[in-house]
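Below: one structure, written as structure tokens.
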Amino acid sequence: SHLEEFSRRTGGAYGTPVELALRHSVLPYFTIFRPADVFNGAIAAISGSTVERLKFLLGMPASPAGALYPLSHCNACAIDDINRFGLAYWHCVHQLPASYLCPIHHEPLLTSEVRLNGLGRSQLFLPRDPRLKSHVAAIDLASSALPLLERLSDLAAATLQRKLPGGFDERSLQACYRFGLAQMGLLTPAGSIRATEFVKALVAHFGPISTIPPFNRVVSAS
């Protein structure tokens, strides 16, 4: 919040509220597939004094899957930052939901839940701060899990940076999904999805990462 005030006090050195949101926040990740008025409404919210309605504006009400967003960083990126700037900083691309690998170095991210409780929310930290008690969340996974996590992290990064090939077209995506389902034999002659077989295929594909959140709430053997 308060991006308008931040921009004013810094004399616009870091950009307007819109530029700040696009370059230095994860907002584009949550709005790229939404109508323009959703993005504009989000900008209005974060430019002001409160973001109380932001989650509902983005269509993210409370759900059983939860929404835990820990601080994450890549150790290799942190070393590069220190060599270049003298200190490490947080990279937006590492803070995306379900991103467990760095899309640049493809090594597991270090995460910290220090800001998820009342004690750490009002404090400021930089990567590699010992108070973070950072750890590798994607540890002890089967080797088959890493390619999945790598593809998901790369896709998340492309979404944030608005680098998805061909942009986004709702009808094209639907046609792409239906073509893929047909290739896998998951469509009936009438064009309906074979739901049972589809769920089994989904669980089998994402099985290697079903022990880490949020996949442990979405995909399970049962």
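The values are calculated or read from the model by the stated rules, or taken from the named source; none is laboratory data. Quick caveat: nothing in here was measured; it's all calculated off a predicted structure. Because the Cβ atoms are built from the backbone with ideal geometry, glycine has one as well, and the counts that use them run over all protein chains shown. Side chains included, ligands, DNA and RNA excluded: accessible areas come from the protein's heavy atoms. Shrake-Rupley method; radii C 1.70, N 1.55, O 1.52, S 1.80 Å.
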### Query
Condition test on A156, is it within 30 Å of E19 (Cβ to Cβ) and among the small types (G, A, S)?
yes
Within segment 193-222, of all residues that are surrounded by 10 or more Cβ atoms within 10 Å (Cβ to Cβ) and part of a loop (DSSP other than H, G, I, E, B), the one farthest from the chain's Cα centre (by Cα) is R194
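Does at least one position in segment 132-139 carry a residue that is out of contact with any strand residue (DSSP E or B) (no Cβ under 9 Å at 6 or more places or on another chain) and not β-branched (V, I, T)? Steps first, please.
Taking segment 132-139 first, the residues out of contact with any strand residue (DSSP E or B) (no Cβ under 9 Å at 6 or more places or on another chain) are none.
No: segment 132-139 contains no residue that is out of contact with any strand residue (DSSP E or B) (no Cβ under 9 Å at 6 or more places or on another chain) and not β-branched (V, I, T).
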Filtering helices (runs of 4 or more DSSP H) wholly in segment 1-57 for at least 2 residues that are closer than 22 Å to W90 by Cβ and out of contact with any helix residue (DSSP H, G or I) (no Cβ under 7 Å at 6 or more places or on another chain) gives 3-9, 17-24
Exactly one of S153, S143 is without any contact (Cβ under 8 Å) to a residue 12 or more places away in the chain and among the small types (G, A, S), and that one is S143
The lone condition P61 fails out of (1) under 23 Å from A157 (Cα atoms); (2) free of Cβ contacts under 8 Å to residues at least 12 places away in the same chain is (1)
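Which one of these is closer than 13 Å to P108 by Cα and modelled with pLDDT of 90 or more: L152, L160? Full working, then the answer.
Values: L160 fails: closer than 13 Å to P108 by Cα.
The unique qualifying residue is L152.
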The one condition R84 fails out of (1) surrounded by 14 or more Cβ atoms within 10 Å (Cβ to Cβ); (2) out of contact with any helix residue (DSSP H, G or I) (no Cβ under 6 Å at 6 or more places or on another chain); (3) of a type outside the set (A, V, I, L, M) is (1)
Filtering segment 119-162 for residues that are part of a loop (DSSP other than H, G, I, E, B), within 15 Å of the chain's Cα centre (by Cα) and surrounded by fewer than 14 Cβ atoms within 10 Å (Cβ to Cβ) leaves a count of 1
Within segment 89-143, residues being at positive phi, at pLDDT 90 or above and of a type outside the set (D, E, K, R) number 1
With the first residue restricted to segment 92-116 and required to be farther than 13 Å from L152 by Cα and part of a loop (DSSP other than H, G, I, E, B), and the second required to be open to solvent by less than 20 Å² (accessible area, probe 1.4 Å) and at pLDDT below 90, Cβ contacts under 7 Å at 6 or more apart or on different chains are L109/S99
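Starting from residues that are assigned to a loop (DSSP other than H, G, I, E, B) and modelled with pLDDT of 90 or more, keep the ones in segment 163-190 and report whichever is least open to solvent (accessible area, probe 1.4 Å). Step through it out loud before you land on a result.
Initial filter on segment 163-190 (assigned to a loop (DSSP other than H, G, I, E, B)): 163-169, 184-186, 188-190.
Add one more test, that the residue is modelled with pLDDT of 90 or more, and what stays is 184-186, 188-190.
Values: M184: 125, G185: 44, L186: 12, T188: 41, P189: 138, A190: 96 Å².
Among those that are assigned to a loop (DSSP other than H, G, I, E, B) and modelled with pLDDT of 90 or more, it is L186.
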